[in-house]
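Working notes, beginning with the structure itself.
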Amino acid sequence: MSSPNLTPASAGLARAILVGVDVGGCAAFDPTLDELALLAVSAGDLPVARVIARRKAPDPALFVGSGKADEIKALVEGHQAEAVLFDQALSPAQQRNLERHLGVAVADRTMLILEIFAARAQSHEGKLQVELAQLQYLSTRLVRRWSHLERQRGGIGARGGPGEAQIELDRRMIGERIKSVKQRLEKVKRQRGTQRRSRERNQTFRVSLVGYTNAGKSTLFNALVKARSYAADQLFATLDTTTRQFYLEDVGRSVSLSDTVGFIRDLPHKLVEAFEATLQEAAEADLLLHVVDAASPLLAEQMTEVQRVLAEIGAAAVPQVLVYNKFDKLEDTQRPRTASDTLEVDAGVRVPRVFVSALTGQGLDELRRVIAEAVTGTLAERLNASELAPSASQSEPGGDADIEPHRTGTSHFHSSP
(Lines give C-alpha, C1' and ligand atoms only; values in the text may rest on other atoms or scores of the structure.)
Protein backbone atom coordinates (compact mmCIF):
# COMPACT_ATOMS: atom_id res chain seq x y z
CA MET A 1 0.00 0.00 0.00
CA SER A 2 1.54 3.25 -1.09
CA SER A 3 0.61 6.85 -1.65
CA PRO A 4 1.91 8.77 -4.67
CA ASN A 5 3.30 12.26 -4.32
CA LEU A 6 0.71 14.92 -5.06
CA THR A 7 1.41 17.20 -7.98
CA PRO A 8 -0.26 20.55 -8.73
CA ALA A 9 -2.27 18.81 -11.48
CA SER A 10 -3.62 16.22 -9.05
CA ALA A 11 -4.23 18.55 -6.11
CA GLY A 12 -7.91 19.06 -6.96
CA LEU A 13 -8.73 15.39 -7.53
CA ALA A 14 -10.70 13.27 -5.10
CA ARG A 15 -8.35 10.98 -3.18
CA ALA A 16 -9.45 7.35 -3.30
CA ILE A 17 -8.53 4.06 -1.63
CA LEU A 18 -8.61 1.04 -3.97
CA VAL A 19 -9.84 -2.30 -2.62
CA GLY A 20 -9.68 -5.71 -4.27
CA VAL A 21 -11.07 -8.90 -2.72
CA ASP A 22 -9.93 -12.34 -3.82
CA VAL A 23 -12.97 -14.53 -3.19
CA GLY A 24 -12.29 -18.21 -3.61
CA GLY A 25 -9.47 -17.82 -6.10
CA CYS A 26 -11.62 -16.08 -8.72
CA ALA A 27 -9.80 -16.09 -12.07
CA ALA A 28 -10.85 -12.50 -12.77
CA PHE A 29 -9.13 -11.16 -9.64
CA ASP A 30 -6.48 -8.52 -10.32
CA PRO A 31 -3.80 -8.76 -7.61
CA THR A 32 -2.22 -5.47 -8.72
CA LEU A 33 -5.44 -3.42 -9.01
CA ASP A 34 -3.76 -1.66 -11.93
CA GLU A 35 -6.89 -1.67 -14.07
CA LEU A 36 -9.01 -0.32 -11.22
CA ALA A 37 -6.43 2.43 -10.79
CA LEU A 38 -6.75 3.32 -14.49
CA LEU A 39 -10.53 3.38 -14.13
CA ALA A 40 -10.22 5.67 -11.12
CA VAL A 41 -7.91 8.07 -12.95
CA SER A 42 -10.23 8.05 -15.97
CA ALA A 43 -13.10 9.00 -13.65
CA GLY A 44 -11.11 11.91 -12.20
CA ASP A 45 -9.99 10.33 -8.93
CA LEU A 46 -6.51 10.03 -7.44
CA PRO A 47 -5.60 6.57 -6.04
CA VAL A 48 -3.58 7.06 -2.87
CA ALA A 49 -3.52 3.51 -1.43
CA ARG A 50 -4.38 -0.07 -2.36
CA VAL A 51 -5.80 -2.82 -0.17
CA ILE A 52 -5.92 -6.52 -1.01
CA ALA A 53 -8.19 -8.86 0.97
CA ARG A 54 -8.75 -12.60 0.71
CA ARG A 55 -11.94 -14.29 1.82
CA LYS A 56 -13.68 -17.61 1.22
CA ALA A 57 -16.93 -15.72 0.66
CA PRO A 58 -18.00 -12.05 0.79
CA ASP A 59 -19.23 -10.77 4.14
CA PRO A 60 -23.01 -10.16 3.79
CA ALA A 61 -22.84 -6.85 5.65
CA LEU A 62 -19.47 -5.25 4.84
CA PHE A 63 -18.17 -7.44 1.97
CA VAL A 64 -14.64 -7.42 3.42
CA GLY A 65 -15.56 -8.15 7.04
CA SER A 66 -15.35 -5.84 10.04
CA GLY A 67 -11.60 -6.27 10.64
CA LYS A 68 -10.59 -5.33 7.10
CA ALA A 69 -13.20 -2.55 7.10
CA ASP A 70 -11.49 -1.07 10.18
CA GLU A 71 -8.15 -1.28 8.35
CA ILE A 72 -9.60 0.55 5.37
CA LYS A 73 -11.11 3.19 7.67
CA ALA A 74 -7.67 3.85 9.16
CA LEU A 75 -6.25 4.32 5.67
CA VAL A 76 -9.09 6.70 4.78
CA GLU A 77 -8.29 8.80 7.82
CA GLY A 78 -4.52 8.59 7.31
CA HIS A 79 -4.66 9.61 3.65
CA GLN A 80 -7.61 11.97 4.09
CA ALA A 81 -9.34 10.03 1.34
CA GLU A 82 -12.78 11.03 0.06
CA ALA A 83 -13.83 7.75 -1.55
CA VAL A 84 -13.23 4.00 -1.43
CA LEU A 85 -13.42 2.10 -4.74
CA PHE A 86 -14.02 -1.65 -4.86
CA ASP A 87 -12.92 -3.82 -7.79
CA GLN A 88 -15.94 -6.11 -7.31
CA ALA A 89 -19.68 -5.49 -7.44
CA LEU A 90 -21.30 -4.55 -4.13
CA SER A 91 -24.90 -5.13 -3.14
CA PRO A 92 -26.94 -2.03 -2.20
CA ALA A 93 -26.87 -3.08 1.46
CA GLN A 94 -23.08 -3.64 1.44
CA GLN A 95 -22.48 -0.25 -0.18
CA ARG A 96 -24.75 1.50 2.35
CA ASN A 97 -23.15 -0.27 5.33
CA LEU A 98 -19.62 0.47 4.12
CA GLU A 99 -20.41 4.16 3.68
CA ARG A 100 -21.75 4.35 7.22
CA HIS A 101 -18.73 2.47 8.60
CA LEU A 102 -16.06 4.33 6.62
CA GLY A 103 -17.66 7.77 6.61
CA VAL A 104 -16.90 8.41 2.92
CA ALA A 105 -18.45 7.65 -0.44
CA VAL A 106 -18.11 4.02 -1.59
CA ALA A 107 -18.37 2.87 -5.20
CA ASP A 108 -17.91 -0.47 -6.90
CA ARG A 109 -16.45 -1.27 -10.31
CA THR A 110 -19.84 -1.03 -12.01
CA MET A 111 -20.56 2.45 -10.71
CA LEU A 112 -17.07 3.61 -11.66
CA ILE A 113 -17.51 2.42 -15.25
CA LEU A 114 -20.91 4.11 -15.43
CA GLU A 115 -19.38 7.38 -14.19
CA ILE A 116 -16.75 7.25 -16.93
CA PHE A 117 -19.32 6.48 -19.60
CA ALA A 118 -21.50 9.37 -18.40
CA ALA A 119 -18.57 11.77 -18.69
CA ARG A 120 -17.43 10.54 -22.13
CA ALA A 121 -20.70 10.09 -24.06
CA GLN A 122 -21.00 12.82 -26.70
CA SER A 123 -23.80 11.87 -29.07
CA HIS A 124 -27.51 11.98 -28.26
CA GLU A 125 -27.64 8.20 -28.60
CA GLY A 126 -24.64 7.65 -26.35
CA LYS A 127 -26.06 9.89 -23.63
CA LEU A 128 -29.39 8.03 -23.76
CA GLN A 129 -27.63 4.68 -23.45
CA VAL A 130 -25.59 5.77 -20.45
CA GLU A 131 -28.60 7.39 -18.81
CA LEU A 132 -30.57 4.15 -19.10
CA ALA A 133 -27.76 2.10 -17.55
CA GLN A 134 -27.30 4.62 -14.73
CA LEU A 135 -31.00 4.75 -13.93
CA GLN A 136 -31.25 0.97 -13.83
CA TYR A 137 -28.24 0.79 -11.51
CA LEU A 138 -29.29 3.66 -9.24
CA SER A 139 -32.92 2.60 -8.95
CA THR A 140 -31.93 -0.28 -6.66
CA ARG A 141 -29.65 1.85 -4.48
CA LEU A 142 -30.71 5.46 -4.11
CA VAL A 143 -34.48 5.33 -3.55
CA ARG A 144 -35.20 6.86 -0.10
CA ARG A 145 -31.55 7.78 0.43
CA TRP A 146 -30.87 10.61 -2.02
CA SER A 147 -28.63 12.40 0.51
CA HIS A 148 -25.99 9.91 -0.67
CA LEU A 149 -25.46 12.16 -3.72
CA GLU A 150 -25.70 15.46 -1.89
CA ARG A 151 -22.76 14.78 0.45
CA GLN A 152 -20.31 13.59 -2.19
CA ARG A 153 -17.82 16.20 -3.30
CA GLY A 154 -15.37 15.61 -6.15
CA GLY A 155 -14.54 12.18 -7.43
CA ILE A 156 -16.97 9.35 -7.79
CA GLY A 157 -20.67 10.25 -7.79
CA ALA A 158 -20.21 14.01 -8.05
CA ARG A 159 -20.37 14.45 -11.80
CA GLY A 160 -24.09 14.90 -12.29
CA GLY A 161 -25.89 12.55 -14.63
CA PRO A 162 -29.49 11.38 -14.46
CA GLY A 163 -29.23 10.17 -10.86
CA GLU A 164 -28.73 13.68 -9.51
CA ALA A 165 -31.77 14.96 -11.45
CA GLN A 166 -33.93 12.28 -9.79
CA ILE A 167 -33.17 13.29 -6.18
CA GLU A 168 -36.78 14.17 -5.29
CA LEU A 169 -38.40 11.37 -7.25
CA ASP A 170 -39.57 7.99 -6.10
CA ARG A 171 -39.17 4.54 -7.61
CA ARG A 172 -42.31 4.88 -9.76
CA MET A 173 -41.06 8.05 -11.43
CA ILE A 174 -37.65 6.53 -12.06
CA GLY A 175 -39.40 3.58 -13.67
CA GLU A 176 -41.31 5.95 -15.94
CA ARG A 177 -38.09 7.64 -16.96
CA ILE A 178 -36.50 4.27 -17.75
CA LYS A 179 -39.49 3.41 -19.92
CA SER A 180 -39.21 6.73 -21.77
CA VAL A 181 -35.46 6.32 -22.43
CA LYS A 182 -36.01 2.77 -23.69
CA GLN A 183 -38.62 4.03 -26.15
CA ARG A 184 -36.25 6.69 -27.47
CA LEU A 185 -33.45 4.15 -27.80
CA GLU A 186 -35.78 1.83 -29.71
CA LYS A 187 -36.36 4.67 -32.19
CA VAL A 188 -32.57 5.08 -32.54
CA LYS A 189 -32.27 1.33 -33.11
CA ARG A 190 -34.83 1.50 -35.91
CA GLN A 191 -32.96 4.41 -37.49
CA ARG A 192 -29.71 2.46 -37.38
CA GLY A 193 -31.49 -0.50 -38.93
CA THR A 194 -32.65 1.69 -41.79
CA GLN A 195 -29.10 2.92 -42.33
CA ARG A 196 -27.76 -0.65 -42.32
CA ARG A 197 -30.37 -1.78 -44.83
CA SER A 198 -29.36 1.13 -47.06
CA ARG A 199 -25.73 -0.01 -46.92
CA GLU A 200 -26.85 -3.57 -47.69
CA ARG A 201 -28.74 -2.37 -50.78
CA ASN A 202 -25.58 -0.61 -51.89
CA GLN A 203 -23.68 -3.87 -51.24
CA THR A 204 -21.34 -2.15 -48.81
CA PHE A 205 -18.90 -4.51 -47.09
CA ARG A 206 -19.09 -3.70 -43.36
CA VAL A 207 -16.03 -3.90 -41.10
CA SER A 208 -16.20 -3.21 -37.34
CA LEU A 209 -13.36 -2.63 -34.91
CA VAL A 210 -13.80 -4.44 -31.59
CA GLY A 211 -11.46 -5.08 -28.69
CA TYR A 212 -10.55 -4.47 -25.09
CA THR A 213 -10.57 -0.84 -24.01
CA ASN A 214 -7.30 1.02 -24.65
CA ALA A 215 -6.13 -1.54 -27.23
CA GLY A 216 -5.77 1.28 -29.76
CA LYS A 217 -8.97 0.89 -31.81
CA SER A 218 -9.55 4.61 -32.35
CA THR A 219 -5.90 5.20 -33.30
CA LEU A 220 -6.15 2.35 -35.82
CA PHE A 221 -9.46 3.73 -37.11
CA ASN A 222 -7.88 7.14 -37.69
CA ALA A 223 -4.88 5.58 -39.42
CA LEU A 224 -7.02 3.54 -41.81
CA VAL A 225 -9.61 6.16 -42.80
CA LYS A 226 -7.52 9.31 -42.21
CA ALA A 227 -10.11 10.52 -39.69
CA ARG A 228 -9.72 12.65 -36.61
CA SER A 229 -11.70 10.69 -34.04
CA TYR A 230 -10.62 11.30 -30.46
CA ALA A 231 -7.94 8.85 -29.36
CA ALA A 232 -5.99 8.84 -26.10
CA ASP A 233 -4.00 6.46 -23.93
CA GLN A 234 -6.81 5.97 -21.44
CA LEU A 235 -9.73 3.64 -20.78
CA PHE A 236 -12.91 4.34 -22.79
CA ALA A 237 -11.45 7.29 -24.68
CA THR A 238 -14.38 7.09 -27.10
CA LEU A 239 -17.88 5.69 -26.64
CA ASP A 240 -19.89 6.67 -29.68
CA THR A 241 -19.75 4.54 -32.81
CA THR A 242 -18.18 6.33 -35.77
CA THR A 243 -18.49 4.96 -39.31
CA ARG A 244 -16.41 6.02 -42.31
CA GLN A 245 -15.68 4.72 -45.78
CA PHE A 246 -12.16 3.78 -46.83
CA TYR A 247 -10.86 2.70 -50.19
CA LEU A 248 -9.07 -0.61 -50.83
CA GLU A 249 -6.84 -0.37 -53.90
CA ASP A 250 -6.44 -4.16 -54.12
CA VAL A 251 -10.14 -4.63 -54.90
CA GLY A 252 -10.92 -1.21 -56.33
CA ARG A 253 -13.80 -0.46 -53.95
CA SER A 254 -14.62 1.16 -50.63
CA VAL A 255 -15.71 -0.59 -47.46
CA SER A 256 -17.48 0.71 -44.38
CA LEU A 257 -15.41 0.83 -41.16
CA SER A 258 -16.99 1.37 -37.73
CA ASP A 259 -15.20 2.12 -34.46
CA THR A 260 -17.13 0.74 -31.49
CA VAL A 261 -16.95 1.10 -27.71
CA GLY A 262 -14.23 -0.91 -26.00
CA PHE A 263 -14.92 -3.88 -23.75
CA ILE A 264 -13.57 -4.49 -20.28
CA ARG A 265 -13.59 -7.22 -17.64
CA ASP A 266 -16.88 -7.38 -15.75
CA LEU A 267 -18.50 -4.89 -18.11
CA PRO A 268 -21.89 -4.31 -16.46
CA HIS A 269 -24.59 -6.39 -18.16
CA LYS A 270 -27.00 -3.45 -18.05
CA LEU A 271 -24.44 -1.37 -19.90
CA VAL A 272 -24.08 -4.02 -22.61
CA GLU A 273 -27.87 -4.13 -22.78
CA ALA A 274 -28.15 -0.34 -22.99
CA PHE A 275 -25.54 -0.15 -25.76
CA GLU A 276 -27.33 -2.82 -27.80
CA ALA A 277 -28.16 -0.35 -30.59
CA THR A 278 -24.51 0.65 -30.94
CA LEU A 279 -23.11 -2.85 -30.57
CA GLN A 280 -25.39 -4.10 -33.34
CA GLU A 281 -22.82 -2.59 -35.69
CA ALA A 282 -20.49 -5.39 -34.62
CA ALA A 283 -23.14 -8.10 -34.62
CA GLU A 284 -24.22 -7.28 -38.20
CA ALA A 285 -20.75 -6.66 -39.66
CA ASP A 286 -19.27 -8.76 -42.43
CA LEU A 287 -15.86 -8.74 -40.74
CA LEU A 288 -14.57 -7.92 -37.25
CA LEU A 289 -11.10 -6.54 -36.69
CA HIS A 290 -10.40 -7.78 -33.15
CA VAL A 291 -7.76 -5.31 -31.96
CA VAL A 292 -5.56 -6.49 -29.09
CA ASP A 293 -2.71 -4.84 -27.22
CA ALA A 294 0.19 -7.09 -28.22
CA ALA A 295 2.33 -5.69 -25.39
CA SER A 296 -0.22 -6.31 -22.63
CA PRO A 297 0.75 -8.93 -20.01
CA LEU A 298 -2.98 -9.76 -19.78
CA LEU A 299 -3.44 -10.27 -23.52
CA ALA A 300 -5.07 -13.72 -23.26
CA GLU A 301 -7.49 -12.68 -20.51
CA GLN A 302 -8.49 -9.54 -22.39
CA MET A 303 -9.15 -11.50 -25.59
CA THR A 304 -11.29 -13.97 -23.66
CA GLU A 305 -13.40 -11.14 -22.26
CA VAL A 306 -13.93 -9.64 -25.71
CA GLN A 307 -15.05 -13.00 -27.06
CA ARG A 308 -17.47 -13.37 -24.15
CA VAL A 309 -19.12 -10.01 -24.86
CA LEU A 310 -19.23 -10.74 -28.60
CA ALA A 311 -21.10 -13.94 -27.83
CA GLU A 312 -23.47 -12.01 -25.56
CA ILE A 313 -24.41 -9.56 -28.32
CA GLY A 314 -24.78 -12.26 -30.97
CA ALA A 315 -21.54 -11.55 -32.84
CA ALA A 316 -19.70 -14.79 -32.05
CA ALA A 317 -20.07 -16.18 -35.58
CA VAL A 318 -18.91 -13.04 -37.43
CA PRO A 319 -15.55 -13.66 -39.19
CA GLN A 320 -12.59 -12.11 -37.39
CA VAL A 321 -9.08 -10.91 -38.09
CA LEU A 322 -6.84 -10.64 -35.03
CA VAL A 323 -4.98 -7.32 -35.15
CA TYR A 324 -2.03 -7.35 -32.74
CA ASN A 325 -1.58 -3.61 -32.24
CA LYS A 326 1.20 -1.67 -30.46
CA PHE A 327 3.82 -3.77 -32.28
CA ASP A 328 6.29 -0.93 -31.65
CA LYS A 329 6.16 -1.60 -27.89
CA LEU A 330 7.40 -5.19 -28.20
CA GLU A 331 10.99 -6.12 -27.46
CA ASP A 332 13.03 -7.38 -30.42
CA THR A 333 12.95 -10.92 -29.01
CA GLN A 334 9.14 -10.83 -28.90
CA ARG A 335 8.58 -9.68 -32.45
CA PRO A 336 7.42 -12.21 -35.07
CA ARG A 337 9.39 -12.78 -38.27
CA THR A 338 6.44 -12.05 -40.55
CA ALA A 339 3.88 -9.24 -40.66
CA SER A 340 1.01 -11.73 -40.63
CA ASP A 341 0.27 -15.39 -40.03
CA THR A 342 -2.63 -17.58 -38.97
CA LEU A 343 -3.52 -18.66 -35.46
CA GLU A 344 -5.42 -21.76 -34.41
CA VAL A 345 -8.24 -20.77 -32.07
CA ASP A 346 -10.10 -24.08 -32.12
CA ALA A 347 -9.11 -27.54 -33.28
CA GLY A 348 -8.55 -27.13 -36.99
CA VAL A 349 -10.00 -23.59 -37.14
CA ARG A 350 -7.59 -20.80 -38.05
CA VAL A 351 -7.93 -17.04 -38.15
CA PRO A 352 -5.58 -14.52 -39.72
CA ARG A 353 -3.36 -12.52 -37.41
CA VAL A 354 -1.71 -9.26 -38.45
CA PHE A 355 0.92 -7.35 -36.46
CA VAL A 356 0.61 -3.57 -36.71
CA SER A 357 1.45 -0.32 -35.03
CA ALA A 358 -1.40 2.09 -35.54
CA LEU A 359 0.84 4.83 -34.14
CA THR A 360 3.72 4.40 -36.61
CA GLY A 361 1.76 2.88 -39.51
CA GLN A 362 3.81 -0.32 -39.54
CA GLY A 363 1.83 -3.31 -40.86
CA LEU A 364 -1.17 -1.30 -42.09
CA ASP A 365 -0.55 -2.22 -45.74
CA GLU A 366 -0.63 -5.89 -44.79
CA LEU A 367 -3.85 -5.34 -42.84
CA ARG A 368 -5.45 -3.66 -45.85
CA ARG A 369 -4.41 -6.63 -47.98
CA VAL A 370 -6.03 -9.09 -45.55
CA ILE A 371 -9.24 -7.01 -45.47
CA ALA A 372 -9.24 -7.00 -49.28
CA GLU A 373 -8.95 -10.80 -49.23
CA ALA A 374 -11.96 -10.96 -46.93
CA VAL A 375 -13.96 -8.76 -49.31
CA THR A 376 -13.24 -11.00 -52.28
CA GLY A 377 -13.70 -14.24 -50.33
CA THR A 378 -10.17 -15.48 -51.00
CA LEU A 379 -9.22 -15.18 -47.31
CA ALA A 380 -11.67 -17.90 -46.29
CA GLU A 381 -10.41 -20.13 -49.10
CA ARG A 382 -6.78 -19.62 -48.06
CA LEU A 383 -7.51 -20.33 -44.39
CA ASN A 384 -9.41 -23.52 -45.14
CA ALA A 385 -6.66 -24.66 -47.50
CA SER A 386 -4.12 -24.21 -44.68
CA GLU A 387 -6.01 -26.28 -42.11
CA LEU A 388 -3.80 -29.31 -42.77
CA ALA A 389 -0.61 -27.24 -42.74
CA PRO A 390 1.50 -26.82 -39.55
CA SER A 391 0.71 -23.79 -37.40
CA ALA A 392 2.68 -20.58 -37.71
CA SER A 393 4.49 -21.25 -34.45
CA GLN A 394 5.50 -24.71 -35.65
CA SER A 395 6.61 -23.66 -39.11
CA GLU A 396 8.72 -20.76 -37.82
CA PRO A 397 10.25 -21.62 -34.47
CA GLY A 398 10.61 -18.53 -32.34
CA GLY A 399 8.79 -16.48 -34.94
CA ASP A 400 6.21 -15.28 -32.46
CA ALA A 401 8.05 -15.84 -29.24
CA ASP A 402 6.34 -14.77 -26.03
CA ILE A 403 3.10 -13.96 -27.84
CA GLU A 404 0.69 -16.45 -26.38
CA PRO A 405 -1.87 -18.05 -28.72
CA HIS A 406 -5.42 -17.56 -27.57
CA ARG A 407 -8.05 -20.29 -27.81
CA THR A 408 -11.74 -19.56 -27.82
CA GLY A 409 -14.94 -21.26 -28.83
CA THR A 410 -15.69 -18.60 -31.42
CA SER A 411 -16.64 -19.68 -34.92
CA HIS A 412 -14.76 -17.86 -37.67
CA PHE A 413 -14.17 -18.18 -41.41
CA HIS A 414 -15.85 -21.15 -43.06
CA SER A 415 -15.78 -21.94 -46.73
CA SER A 416 -19.10 -22.18 -48.50
CA PRO A 417 -20.19 -25.69 -49.54
Accessible-area ranking of Glu331, Glu249, Glu186, largest first, probe 1.4 Å:
Glu249, Glu331, Glu186
Heavy-atom accessible area ranking, 1.4 Å probe, most first, across Arg50, Arg100, Arg353:
Arg100, Arg50, Arg353
Counting only the heavy atoms of the protein chains, how much of Leu298 is accessible to a 1.4 Å probe, in Å² to the nearest 10?
80
Not counting ligands, DNA or RNA, and with a 1.4 Å probe, what is His101's accessible surface area in Å² rounded to the nearest 10?
50
Within the range 298-334, which residues have the backbone N less than 20 Å from the label spot 7 Å out from Arg253 along Cα→beta-carbon, could you tell me?
318-321
With DNA, RNA and ligands ignored, accessible area of Lys179 (1.4 Å probe; Å², nearest 10):
130
Which listed pairs, of Lys187/Lys217; Lys127/Lys182; Lys189/Lys226; Lys127/Lys270; Lys226/Lys329; Lys189/Lys217, have C-alpha distances above 18 Å, in listed order
Lys187/Lys217; Lys189/Lys226; Lys226/Lys329; Lys189/Lys217
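The values are calculated or read from the model by the stated rules, or taken from the named source; none is laboratory data. Keep in mind that what you see is a predicted model, and the values were worked out from it rather than measured. Using ideal geometry, Cβ is built from the backbone for each residue, glycine included, and neighbour counts are taken over all protein chains shown. The protein model used for the area step is the full one, side chains on, heavy atoms only, and it has no ligands, DNA or RNA in it. Shrake-Rupley method; radii C 1.70, N 1.55, O 1.52, S 1.80 Å.
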